[in-house]
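The values are calculated or read from the model by the stated rules, or taken from the named source; none is laboratory data. If you're wondering where the values come from, they're calculated on a predicted model, not measured in any experiment. Cβ atoms come from the backbone with ideal geometry, glycine included; neighbour counts cover every protein chain shown. For the accessible areas, the whole protein counts, side chains as well, though only heavy atoms, and no ligand, DNA or RNA atoms are used. Shrake-Rupley method; radii C 1.70, N 1.55, O 1.52, S 1.80 Å.
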Amino acid sequence: MSQTVVEEVKAPAVRKNEPAKAGSWLRRAPLLPALLFTVLVTQIPFLMTVVYSFQSWNLVRPGSRHFVGLRNYVDVFADSQFRGALLNTVVLTVVCVFVSMLLGLGLAILLDRKFLGRGVVRTLLITPFLILPAAGALLWKTTMFDPTYGLLNFVFGGDTDWLAEFPLASVMTQVIWQWTPFMMLLILAGLQGQSKEVLEAAAVDGAGRMRTFLSITLPQLSRYLQLAGLLGAIYIVNSFDAIFLMTQGGPGTASTNLPYYIYQRAFEGFDIGQSSAMGVIVVVLTLIVANFALRLMFRTFGLSEAR
């Protein structure tokens with residue numbers, strides 16, 4: 001008899017949860033088309049890329065397509081140009097993210113203060129991020145780095161061919177110029193979210209500007225800095241427009257990064273197998289770094305328990 005009573009007590013609870021589950025599915029139903037579209041345009045092409053990475057397939061040799069297993073991956077890791085492109089990608093990403101974050105932090109601190117024309121200055125500073133990457137790369141190539149008509153040689157004198165002598169540094173300069181406004185916006189949002197009462201209390205206690213910044217402002221901005229670094233790294237690691245339009249990966253392979261090298265192997269060398277293997281390796285490495293960064297960011301925002 002006691003078992004029957006227990007079952008009668010449990011049954012209403014189960015029936016009570018069923019409408020809640022049905023309601024949650026109804027709320028999620030409008031998202032299903034977007035989810036299906038995302039799967040179709042991202043996951044299926046990636047699965048096809050994985051399949052191609054296990055095949056030897058060169059488009060200039062009809063009938064050469066056959067299964068080779070992991071040989072493409074072995075050849076990729078043995079390729080010195082791939083290792084050089086990987087090193088350039090790491091240097092480009094780390095330097096651009098770090099420098100753009102520093103510049104964005106400085107600009108955000110300046111814009112957080114009230115002054116005449118702050119709205120106009122803020123709009124002008126955001127403008128580089130609104131320009132198309134291809135247009136920005138051509139702008140810097142023709143008006144800044146040109147050895148004959150460039151503004152850099154006009155200001156500093158001489159006839160330096162910046163793209164030939166400093167190819168990777170030139171590309172990084174353009175990328176930093178374009179991504180600094182993005183960092184500035186995120187950090188500025190964090191600055192404007194500070195508690196004014198806490199800042200006023202620190203001023204009353206005699207804390208100077210530097211002490212207040214290091215002890216109060218910077219710790220509060222840590223989550224925004226991490227978010228800016230994560231998003232910036234995800235986008236900058238895929239930089240292609242600047243290298244393609246400014247240096248074409250040269251001189252030689254001095255400014256070649258992984259996206260441009262994969263493009264060369266796929267669309268200039270027509271090697272579908274090895275270029276697919278490179279793409280899979282890049283995706284796996286990016287997922288590892290992004291997963292680590294996301295875990296760190298979730299821990300900072302206090303969302304780990306919610307997950």
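Quick test of the membrane-span-like rule: which DSSP H helices of the chain reach at least 30 Å along their long axis (C-alpha atoms) with mean Kyte hydropathy at least -1.0?
Values: long enough: 2-28 (40 Å, -0.80); 80-111 (45 Å, 1.93); 167-192 (38 Å, 1.17); 272-301 (42 Å, 1.58).
Qualifying helices: 2-28, 80-111, 167-192, 272-301.
If you place +1 on the Cβ of every Lys and Arg and -1 on the Cβ of every Asp and Glu, how big does the dipole about the Cα centre of the chain come out, in debye to the nearest 20? Spell out each step's value before the answer.
Numbers: 23 positive and 17 negative charges, 202 e Å.
It comes to approximately 980 debye.
Please identify which residues in segment 181-213 have an amide N closer than 11 Å to a label point set 7 Å out from the Cα of Arg118, following the Cα→Cβ vector.
Flagged as within label range: 192.
Compute the distribution of all C-alpha to C-alpha distances in segment 58-149, in bins of 5 Å from 0, and list the percent of pairs in each, rounded to whole numbers.
2, 9, 9, 12, 14, 12, 10, 9, 8, 6, 4, 3, 2, 1
Mind listing which chymotrypsin sites (Phe, Trp or Tyr not before Pro) in segment 35-120 are in a DSSP loop and have 10 or fewer other Cβ atoms within 10 Å? It would help to have the intermediate numbers written out before the result.
Working: sites: Phe37, Phe46, Tyr52, Phe54, Trp57, Phe67, Tyr73, Phe77, Phe82, Phe98, Phe115; in loops: Phe54, Trp57, Phe115.
Sparse-neighbourhood loop chymotrypsin sites (Phe, Trp or Tyr not before Pro): Phe115.
For Gly250, enumerate residues with amide H under 5 Å from its amide H, sequence gap 5+ or separate chain, H modeled in the peptide plane.
Amide H neighbours of Gly250: Ser255.
Using a 1.4 Å probe over the heavy atoms of the protein chains, calculate the carbon and sulfur portion of the accessible area of the chain as a whole percent. All intermediate terms of the calculation are to be shown ahead of the outcome.
Numbers: 12980 of 18900 Å².
Here it works out to 69 percent.
So how long is each side of the chain along the principal axes, counting just the alpha-carbon atoms, biggest first, in Å?
Rounded to whole Å, the extents work out to 96, 76, 32 Å.
Using label points projected 7 Å from each Cα along Cα→Cβ, tell me how many nm separate Thr38 and Arg295, to one decimal.
Inter-label distance under the simple model: 2.2 nm.
Between Ala203 and Ala189, how many nm apart are label points set 7 Å from Cα along the C-beta direction?
2.7
Got a sec to turn the phi values of segment 66-74 into Karplus ³J(HN,Hα) couplings, 6.51 cos²θ - 1.76 cosθ + 1.60 with θ = phi - 60°, whole Hz, x for Gly and Pro?
3J(HN,Hα) across segment 66-74, in whole Hz: 7, 7, 10, x, 8, 5, 4, 5, 5.
If I stretch the segment between Phe166 and Val95 completely, what's the gain in nm (0.36 nm per residue apart, minus their alpha carbon distance), one decimal? Walk me through the intermediate numbers first.
Values: separation 71, 0.36 × 71 = 25.56 nm, distance 1.48 nm.
That pair, Phe166 and Val95, stretches by 24.1 nm at full extension.
Pop the C-beta distance of Met48 and Phe77 into the FRET formula with R0 = 22 Å and round what comes out to the nearest 0.05.
Values: r = 22 Å, r/R0 = 1.01.
According to the calculation, E is roughly 0.50.
Can you compute 3J(HN,Hα) from phi for each residue in segment 205-213, using the Karplus curve 6.51 cos²θ - 1.76 cosθ + 1.60 with θ = phi - 60°, rounded to whole Hz and x for Gly and Pro?
6, x, 6, x, 5, 5, 5, 5, 5
With only alpha-carbon pairs counted, each pair once and no self-pairs, how large is the Kirkwood hydrodynamic radius of segment 194-240 in angstroms? Walk me through the numbers on the way to the answer.
Details: mean 1/r = 0.0804 Å⁻¹.
Radius from the Kirkwood sum: 12.4 Å.
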